[in-house]
1. Across the range 230-244, which residue is nearest to the chain's Cα centre (by Cα) among those that are open to solvent by 50 Å² or more (accessible area, probe 1.4 Å) and closer than 14 Å to Ser217 by Cβ?
2. Which condition breaks for Ile164 when tested against (1) within 29 Å of Thr72 (Cβ to Cβ); (2) modelled with pLDDT under 80; (3) open to solvent by less than 50 Å² (accessible area, probe 1.4 Å)?
3. Which condition does Phe200 not pass, out of (1) modelled with pLDDT under 75; (2) within 36 Å of the chain's Cα centre (by Cα); (3) surrounded by 12 or more Cβ atoms within 10 Å (Cβ to Cβ), if it passes all the others?
4. Looking for something at pLDDT 95 or above, open to solvent by 90 Å² or more (accessible area, probe 1.4 Å) and more than 35 Å from the chain's Cα centre (by Cα) - is there at least one such residue anywhere in the range 20-35?
5. Report, by residue number, each residue of the range 33-71 that is of a type in the set (A, V, I, L, M) and farther than 30 Å from Ile260 by Cα.
6. Please state which one of Asn57, Asn69 is within 20 Å of Gly147 (Cα to Cα), open to solvent by 60 Å² or more (accessible area, probe 1.4 Å) and at pLDDT below 95.
7. Filter the range 89-111 down to residues that are outside any loop (DSSP other than H, G, I, E, B) and more than 12 Å from the chain's Cα centre (by Cα) and give me whichever is nearest to Asn148 (Cα to Cα).
8. Could you pull out the residue among Thr65, Thr74, Thr30 that is under 25 Å from Leu157 (Cα atoms) and among the β-branched types (Val, Ile, Thr)?
Amino acid sequence: NPTISDNITSNGTGTGSFISPISGLNSNTTYYLRAYATNAVGTSYGNQIIFTTTNNNLSLASLITSPVNSITQTSAKIGGNITNDGGSSVISRGVCYSNSQNPTTSNSIVNSGSGVGSFTTNISNLLPNTTYYVRAFAINSIGTSYGNQITFSTNQLPNINCNIIGITTGTNFTMQTSFQSYYTQGNSYTITMYSPVYSFGQANSVALYDGDVFIYSFGSWLVFTNNTRTFTLPGSIPASNCYNIRVIKGSDLYVSPTFIIVP
């Protein structure tokens, strides 16, 4: 409940709005403030506002990026160590990564909690045989700071020679999931059926094969709306094998191009 006997500013006369800059305050200090107006009857006060100035001793957090390990075709483990929070609690930390140098939190990130100390996280869904740049990050009330940049390359896909006896007896069958011929366990992808003769409609059965060995059934009498249907690979399927999808429509057999499942 400050009054005009305390510290004041003066902003002219009359009614209406006004803005008053206040300077010379102490850092990291709580202040109470009220607007005032004085007329012939006396001085009146507005509602009380409470605010705290920032700590001039605060800074960005200090941290380092840990070495990368457990690198596979599509994943890697990496983390960081926040050695000093800069006087303000670290509210978010993790790693950011990109195909370009000096990644920031505007690129791909993996969050890993809050606070100081060491942390490790897993980066997944990477592209095989690809170079990545990664930095640990820490966010406090001052802003975002980054650790040193680490560079690593994911492993190449295994060299697999597929020997499949099954031969497509219908029209062409292709899979469409970006540009890749490998898939991560549990991810989904779309297969698209093309036929110059008829709309594919319902398939008697759709199944996943390892070479010529049946592995998993996606179901029967599945409708291919606009000749397209999306299937999800079960996470239990072993990685780094030679797979194909087989669709049966009447007496026709459609065998997909081969692909690889990676962890």
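The values are calculated or read from the model by the stated rules, or taken from the named source; none is laboratory data. Everything quoted here is computed from the prediction, not taken from an experiment. A quick note on method: Cβ atoms are made from the backbone with ideal geometry, for glycine too, and the neighbour counts reach across all protein chains shown. For the accessible areas, the whole protein counts, side chains as well, though only heavy atoms, and no ligand, DNA or RNA atoms are used. Shrake-Rupley method; radii C 1.70, N 1.55, O 1.52, S 1.80 Å.
1. If we take residues in the range 230-244 being open to solvent by 50 Å² or more (accessible area, probe 1.4 Å) and closer than 14 Å to Ser217 by Cβ, then Thr232 is nearest to the chain's Cα centre (by Cα).
2. (2)
3. All conditions pass for Phe200, except number (2).
4. Within the range 20-35, one or more residues are at pLDDT 95 or above, open to solvent by 90 Å² or more (accessible area, probe 1.4 Å) and more than 35 Å from the chain's Cα centre (by Cα).
5. If the condition is that a residue be of a type in the set (A, V, I, L, M) and farther than 30 Å from Ile260 by Cα, then Leu33, Ala35, Ala37, Ala40, Val41, Ile49, Ile50, Leu58, Leu60, Ala61, Leu63, Ile64 are the ones that fit.
6. None of the other options fit; the residue is Asn69.
7. Arg93
8. Matching residue, one of Thr65, Thr74, Thr30: Thr74.
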